[in-house]
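Visitor: Handing you a structure now.
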Amino acid sequence: MDQRIIDLYDQYTHTALDRRTFLERLATLTGSVAAAYAVLPLLQANKAAAAQIDPEDKRVATEPVKFPGAGGEMRGYLAKPRDRTAAAPGVVVIHENRGLNPHTEDVARRLAAAGFVALAPDFLSPLGGTPSNEDTVREMFGKLDATQTLDNAIATVKWLRERADTTDRIGAVGFCWGGGLVGRLATGDPTLNAGVVFYGRTPDATAVPNIKAALLLHYAGLDERINADVPAFKEALDKAGVRYELHRYEGANHAFHNDTSAARYDAAAAKLAWDRTIAFFTRELAR
């Protein structure tokens, strides 16, 4: 697919570009309105895409959960190893700017199948939760209070750590918007043990010295918007003495890990980044 089309969609999903203007520009790039609507499903997440770990997989047990946030009730999706009797390390799974959806729940099940207790919170809970209409979801993210969101992330880590089925070692992994929140969570919660960022915005450099967690950072080679801030972030991490690994996946687009988006998914990069993620959490959380 023409990289200009992918870049336009990235602009639409991460800036104030409205849907009408986006479709007009997409029609210009594809040659017609009909062609634009034909391309659109390849860009958008396909909710019908098969999950890597079926919700009925016998290795995992899942349930919807409610827990106290910083200023109200939070909702989420919990997945854990079904037959494990001992407590396991916990991982908070933070969704993209499309809210808590079937893909994010599948990621939580992947972690459960790997031996972790995974909690995928819905950070749109303060606004009533994630609706089915993606355009509505996009608008809701613009209404979130940044401070409250960070406080809710810290409360999520606390709740997961205090469960009887988890150890005291908790990590977090986030994608896109969620990757940015993992970075902020690491600066705001000294109890976090490990954080994995998939192509998320970097936190304020002045807050980097507050990071106590080990970090694993995944960036896409073609993701110019996010990558522009990475050198300064890396410099701040080095100066602060934070333990981290940084990987850049050349030729991959933003959201390369999301296998429900055909145009941007990169199977090889996604597998490598995920294998690194599981190895990292195993090393950092199973101590």
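Visitor: Between a residue in region 191-209 that is not assigned by TED's automatic domain parsing to the domain that holds Ala153 and surrounded by fewer than 17 Cβ atoms within 10 Å (Cβ to Cβ) and any residue that is assigned to a loop (DSSP other than H, G, I, E, B) and of a type in the set (Val, Ile, Thr), which pairs come within a Cβ distance under 6 Å, given they are 6 or more apart or on different chains?
Guide: So the pair list comes out empty.
Visitor: Thr206: farther than 30 Å from Met1 by Cα and of a type in the set (Val, Ile, Thr), yes or no?
Guide: Answer is yes for this residue.
Visitor: Given (1) at pLDDT 85 or above; (2) buried (at least 18 other Cβ atoms within 10 Å of the Cβ); (3) β-branched (Val, Ile, Thr); (4) out of contact with any strand residue (DSSP E or B) (no Cβ under 6 Å at 6 or more places or on another chain), identify the lone condition not met by Thr13.
Guide: (1)
Visitor: From Ile154, Ile170, which residue is surrounded by 24 or more Cβ atoms within 10 Å (Cβ to Cβ) and either over 14 Å from the mean Cα position of the chain (by Cα) or of a type in the set (Gly, Ala, Ser) (or both)?
Guide: Going through Ile154, Ile170 in turn, the sole match is Ile170.
Visitor: Still on this structure: Taking region 188-198 only, how many residues are within 11 Å of Ile154 (Cβ to Cβ) and not acidic (Asp, Glu)?
Guide: Number satisfying all stated conditions: 4.
Visitor: Limited to region 235-277, what total is found for residues that are free of Cβ contacts under 8 Å to residues at least 40 places away in the same chain, under 24 Å from Thr187 (Cβ atoms) and surrounded by 15 or more Cβ atoms within 10 Å (Cβ to Cβ)?
Guide: Result for region 235-277: 4.
Visitor: Got at least one residue in region 103-113 being within 18 Å of Asp189 (Cα to Cα), buried (at least 16 other Cβ atoms within 10 Å of the Cβ) and touching a residue at least 24 places away in the same chain (Cβ under 8 Å)?
Guide: Looking through region 103-113, none of the residues is within 18 Å of Asp189 (Cα to Cα), buried (at least 16 other Cβ atoms within 10 Å of the Cβ) and touching a residue at least 24 places away in the same chain (Cβ under 8 Å).
Visitor: Quick one: how many residues across region 233-266 are within 18 Å of Gln44 (Cα to Cα) and over 17 Å from the mean Cα position of the chain (by Cα)?
Guide: Going through region 233-266 one residue at a time, the tally reaches 2.
Visitor: Can you pull out every residue in region 54-85 that is crowded, with 17+ Cβ neighbours inside 10 Å, under 20 Å from Gln148 (Cα atoms) and in contact with a Gly (Cβ under 8 Å, 6 or more places away or on another chain)?
Guide: Residues satisfying the conditions are Phe67, Arg75.
Visitor: Taking only pairs six or more apart or across chains, which ones have beta-carbon atoms under 9 Å, a first residue in region 53-65 that is under 15 Å from Asp122 (Cβ atoms), and a second residue that is hydroxyl-bearing (Ser, Thr, Tyr)?
Guide: Pairs found: Thr62/Tyr77; Glu63/Tyr77; Pro64/Tyr77; Val65/Tyr77.
Per-residue answers, yes or no, for (1) at pLDDT 90 or above; (2) among the small types (Gly, Ala, Ser); (3) assigned to a helix (DSSP H, G or I):
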{"residue": "Ala35", "(1), (2), (3)": "no, yes, yes"}
{"residue": "Leu40", "(1), (2), (3)": "no, no, yes"}
{"residue": "Gln52", "(1), (2), (3)": "yes, no, no"}
{"residue": "Glu56", "(1), (2), (3)": "yes, no, no"}
{"residue": "Leu100", "(1), (2), (3)": "yes, no, no"}
{"residue": "His103", "(1), (2), (3)": "yes, no, yes"}
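The values are calculated or read from the model by the stated rules, or taken from the named source; none is laboratory data. Keep in mind it's a predicted model, so treat the numbers as computed, not measured. Methodologically, a virtual Cβ is constructed for each residue, glycine included, from the backbone with ideal geometry; neighbour enumeration extends over all protein chains shown.
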